[in-house]
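No lab work stands behind these numbers, since they all come straight from the coordinates. What you see is a predicted model, and the numbers here were worked out from it, not measured in a lab. Counting neighbours? That spans all protein chains shown, and the Cβs are built from the backbone with ideal geometry, glycine included.
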Amino acid sequence: MTEARELLIDWIRNAHAMEVQSEELLVSQLRRIEHYPDLRDRLKAHRDETHSQRAILEDLLHDYRTTPSAWREAGVRLMAFGQNMFQVASNDEVVKGAIMLASFERMEMSVYRALASAAQVAGEDALVDIFNRLHAQEQAMATWHDEHLADLVRQFVVRSELPDVTARH
């Protein structure tokens with residue numbers, strides 16, 4: 001096996017762990033979002049995309065006769081737990097969560113861009129299209145965040161000003 005191919009497989013494992021973390025973050029946030037239906041609906045849709053992305057990466061690893069890394073997944077689950085605990089402890093949980101997820105989308109975009117390049121160098125041209133498609137899904141979510149963050153913040157601030165109304169989630 002070539003070095004480029006070995007790197008590609010290792011990076012697919014990393015991407016799989018990243019999607020595990022993303023799914024954990026999304027599921028956790030969805031459990032608590034009550035007053036922001038547009039955000040909740042978009043996060044549900046992206047949770048389903050994330051689940052599908054994870055399955056695609058698992059299939060690729062299977063094709064290479066390997067499996068996801070249990071150690072990496074345990075580590076990212078722990079990180080997701082810590083990130084979620086930080087948000088839950090905040091009185092502006094929904095805003096912090098949206099900002100954190102927006103930055104996470106950009107990291108995922110970069111990972112899929114790197115994977116597409118690595119696949120090309122490794123001579124795995126069929127994977128280039130897969131990684132470009134996954135990149136496009138992450139880019140669509142990042143764009144959604146860009147287009148809706150200001151409105152979410154406005155909703156949060158308005159709700160915060162109202163007596164007896166919960167704004168945080």
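Things to note:
- With Cα atoms as the point set, the stretch 93-165 shows a radius of gyration and Dmax of 17.4, 61 Å.
- Estimated FRET transfer efficiency when R0 is 41 angstrom, pair TYR64-ASP151 (beta carbons, to 0.05): 0.45
- Per-residue Karplus couplings for the stretch 145-159, computed as 6.51 cos²θ - 1.76 cosθ + 1.60 with θ equal to phi - 60°, are listed in order as 4, 4, 7, 10, 4, 4, 5, 4, 5, 4, 4, 4, 5, 4, 4 Hz, Gly and Pro entered as x.
- Placing a label point 7 Å from the Cα of GLN139 along the Cα-to-Cβ line, the residues of the stretch 1-29 whose backbone N sits under 20 Å from it are 15, 19.
- Taken one residue at a time, the phi angles of the stretch 51-60 give Karplus couplings (6.51, -1.76, 1.60, θ = phi - 60°) of 4, 5, 4, 4, 5, 4, 5, 4, 4, 4 Hz. Gly and Pro are set to x.
- Cα-based Kirkwood hydrodynamic radius, the stretch 1-72, one decimal, Å: 13.4 Å
- Per DSSP, loop GluC sites (Glu not before Pro) in the stretch 23-55 with at most 12 further Cβ within 10 Å: GLU34
- For the stretch 111-118, backbone phi angles converted through the Karplus equation (6.51, -1.76, 1.60; θ = phi - 60°) give residue-by-residue couplings of 4, 5, 5, 5, 5, 4, 5, 5 Hz, Gly and Pro being listed as x.
- Annotation: peptides 121-131, 105-115, ranked by per-residue average of other Cβ atoms within 10 Å with the highest first, follow the order 105-115, 121-131.
- Options VAL158, VAL128, ALA116, ranked by Cα towards positive dipole end of the stretch 101-169, top entry (Cβ charges): VAL158
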